[in-house]
Structure formats: C-alpha cells, structure tokens
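A.B. asks: The structure follows.
The values are calculated or read from the model by the stated rules, or taken from the named source; none is laboratory data. Here the structure is a predicted model, which is why all the values come from computation and not from measurement. Every residue, glycine as well, gets a Cβ built from its backbone with ideal geometry; the counts of neighbours run over all protein chains shown. Surface accessibility is based on the protein's heavy atoms, side chains included, excluding ligands, DNA and RNA. Shrake-Rupley method; radii C 1.70, N 1.55, O 1.52, S 1.80 Å.
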Amino acid sequence: GDIVLLTKPVTLTEGDRVTLTTDVPVATDGTSKPEKLLYAVSLPPVRGQIEHINYPSVPISSSSQLDVVAQKVSDVHDNSHGAGKESLR
C-alpha cells in the first residue's frame, strides 16, 4: 500500500538530546503491522546525530518504528554553536 510519513521539526540547542516519539516521525503503510516499518535517515542532522539509546555516541542511519514507539531513538546536538529546527528526512 501507500506509505504516509508525517514529520515535525525538532528544536535543539547546544548539547540537547531529544527522544523521538511518534509525535515527531509517524508513518503508516496501510498494513496492520506498523512495527515492521523502518525509518531511514536520508538527510542527517546538521549539528549532531541520530542515536539509539542503547548505543550512545554511535550515529545510526535507520531505526524501526518499534524503537521510536519504545522511545529508544534520540536526536543529539553536537555542542557546536547555534540552535535550530531540524526535520527528519
């Protein structure tokens, strides 16, 4: 089926960490198995990285919707100057 992805901007300042929830990325593919969805980060954050909470400081380029629902994925600012809004893509 068709895949629908909705994302909202996340605002981070120096050194911030924001746990991603289904309020930020949420997707559906028309099936009854949303836990099978996989998010791929095609445009990583400019000032930081996406991390799995079990592996801090290790950037990831994909995560499952199950990990997002379990609040195991974070957007981490790298302490460089400047804050901004970023959207996952």
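A.B. asks: Tell me which residues, restricted to region 10-32, are on the phi < 0 side of the Ramachandran plot and at pLDDT below 70.
C.D. replies: Residues satisfying the conditions are Val24, Pro25, Val26, Ala27, Thr28, Asp29, Thr31, Ser32.
A.B. asks: Write out, first by first residue and then by second, each pair whose Cβ atoms fall under 7 Å of each other, whose residues are 6+ apart or on separate chains, and whose first residue, in region 44-72, is more than 15 Å from Asp23 (Cα to Cα) while the second is open to solvent by less than 80 Å² (accessible area, probe 1.4 Å) and basic (Lys, Arg).
C.D. replies: Short answer, once both residue conditions are applied: His52/Lys72; Ile53/Lys72; Asn54/Lys72.
A.B. asks: For region 62-75, which residues satisfy the criterion of being polar (S, T, N, Q) and either open to solvent by 80 Å² or more (accessible area, probe 1.4 Å) or in contact with a Phe, Trp or Tyr (Cβ under 9 Å, 6 or more places away or on another chain) (or both)?
C.D. replies: Ser62, Ser63, Ser64, Gln65, Gln71
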